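A.B. asks: Sharing a structure with you now.
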Amino acid sequence: MRFVENYYDGSFEQIIHKNVKKIFEKKTKFQNVQILEFEKYGRALVLDGEIQSAVNDEFIYHESLVHPAMCCHSNPRRILILGGGEGATLREVLKYGFVTEAVMVDIDGELVDICREYLPQMNNGSFESDKADLIIDDAMRFLQEAKYFSDVIIADLSNPVSSAPARKAWSEDFFALAAAHLHNDGIFVTQAQALSELECSSHLFYRKMIAKYFFYVYSYRIFVPSYHQAIGFIFATNDKRNNPLSVKRTMEFKYYSQKIHSNLFSLSPFLKAELGQN
C-alpha cells in the first residue's frame, strides 16, 4: 500500500511513502491509530495520518526531548511526563538511577495498550518499573487536580490539529499550570513543532506563550528523518542555574552526547533573530 502524509495541513506539501504494510488500525475514543511498517523507518505509530514515532529513528527524537533537561537539572528525582503513549519518553527518563518517581499521564489508554503490544521495543519494559506510575487521564485535568511538584516536566504531546486529543494542552492555561507544578529550580520541556529557517511561526507562537510563565526560555531543534523536517523543542525554567548552554553532567546515549547537546542549541543567526533568542 501507499501512505500519503500531509504537511502544513496538506496545503502545499505531501510525502508519499511506497511499499507500506499495515500492521494494525483502530479508531479509539480520541484518535485514529495505525501501526504501519515502512521500508526505511521500520514499524511506526501513526496518529490521525501523521507519523509520531518510527522504530528506526525514534531515539533521535526521544533522547533530544528528554536528556537536555535531565542533564541540566542539578538533581532531577521526580519527573512528570505528559503524553508519550509509546513509553519511549518514560524509557529515557528511567535511564537515570537517581530518578525516584516517573509519572506518565496519557489520555488514551487504548493507545498505550496498542503500543505495548505492537511497539514493545519503544517502552523497553519501562512500564514495569517500580519507579513508573502510568495514569490514564487528560493532561490538563491532571494538572488542575494534582497537588504535588515535579523537578522536570516533559510534554510529549501530538501536534494541536483540530481532531487531536492534546489540542487543549497547547494553551496558556496549560503552560501556566505546568509552571505552577514545578519546584523553584524545575525545568519544563516540550516538543514545539517545526523549527527551521522556512517554518518557525507555530514554534514562535507557543514560545511566546511559555515565556509568560518562565524567566528563561530556550529553543532547540533536531532533524528526524521520518518527520522530513527539523523539529523544535522549548526548554523553560525560572532558575538561571539551569542554563542549557552550560550542561551540568556528561552523559552519552545512542544519539545524545555532550557534543550533540551543544549542537542542539546552536541556532542560526536568522533563527535567533526570529525567536528573539540571544
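A.B. asks: Only strands (runs of 3 or more DSSP E) wholly contained in region 5-83 count here; list those with 2 or more residues that are under 21 Å from Asn124 (Cβ atoms) and open to solvent by 40 Å² or more (accessible area, probe 1.4 Å).
C.D. replies: Working: elements: 13-17, 21-27, 32-38, 42-47, 50-54, 78-83.
Correct list: 21-27.
A.B. asks: Now for a different question. Sort out for me the helices (runs of 4 or more DSSP H) sitting completely within region 105-195 that have 1 or more residues that are polar (S, T, N, Q) and open to solvent by less than 20 Å² (accessible area, probe 1.4 Å).
C.D. replies: 120-123
A.B. asks: Sort out which residues of region 221-278 are among the aromatic types (Phe, Trp, Tyr) and within 21 Å of the chain's Cα centre (by Cα), and write them in order of number.
C.D. replies: Phe223, Tyr227, Phe233, Phe235, Phe253, Tyr255, Tyr256, Phe265
A.B. asks: Please find, among Phe235, Phe253, Phe270, the residue that is aromatic (Phe, Trp, Tyr) and open to solvent by 70 Å² or more (accessible area, probe 1.4 Å).
C.D. replies: The conditions single out Phe270.
A.B. asks: Select from region 202-230 the residues that are buried (at least 22 other Cβ atoms within 10 Å of the Cβ) and not in a helix (DSSP H, G or I) and list them in ascending order.
C.D. replies: Residues satisfying the conditions are Tyr218, Ser219, Tyr220, Arg221.
A.B. asks: Give the residue, chosen from Tyr206, Tyr227, Tyr220, that is within 28 Å of Gln31 (Cα to Cα) and in contact with a strand residue (DSSP E or B) (Cβ under 6 Å, 6 or more places away or on another chain). Walk me through how you get there before you give the answer.
C.D. replies: Numbers: Tyr227 fails: in contact with a strand residue (DSSP E or B) (Cβ under 6 Å, 6 or more places away or on another chain); Tyr220 fails: within 28 Å of Gln31 (Cα to Cα).
Sole residue among the options that is within 28 Å of Gln31 (Cα to Cα) and in contact with a strand residue (DSSP E or B) (Cβ under 6 Å, 6 or more places away or on another chain): Tyr206.
A.B. asks: Okay, moving on. Quick test for you: out of Ile114, Ile135, pick the one residue that is of a type in the set (Val, Ile, Thr), in contact with a helix residue (DSSP H, G or I) (Cβ under 7 Å, 6 or more places away or on another chain) and either free of Cβ contacts under 8 Å to residues at least 40 places away in the same chain or farther than 19 Å from Thr237 by Cα (or both). Outline the logic, then answer.
C.D. replies: Working: Ile114 fails: in contact with a helix residue (DSSP H, G or I) (Cβ under 7 Å, 6 or more places away or on another chain).
None of the others qualify; the one that does is Ile135.
A.B. asks: While we're on this one: Which pairs turn up if I take residues in region 197-210 that are under 14 Å from Phe174 (Cα atoms) and look for partners that are part of a loop (DSSP other than H, G, I, E, B) and of a type in the set (Ser, Thr, Tyr) with beta carbon separation below 7 Å, at least 6 apart in sequence or on another chain?
C.D. replies: none
A.B. asks: Restricting the search to region 238-250, which residues are in a helix (DSSP H, G or I) and either open to solvent by less than 20 Å² (accessible area, probe 1.4 Å) or on the phi > 0 side of the Ramachandran plot (or both)?
C.D. replies: Within region 238-250, Asn242 is the sole residue that qualifies.
The values are calculated or read from the model by the stated rules, or taken from the named source; none is laboratory data. All figures in this text were calculated on a predicted structure; none of them were measured in a lab. Using ideal geometry, Cβ is built from the backbone for each residue, glycine included, and neighbour counts are taken over all protein chains shown. Note: areas computed on protein heavy atoms with side chains; ligands, DNA, RNA excluded. Shrake-Rupley method; radii C 1.70, N 1.55, O 1.52, S 1.80 Å.
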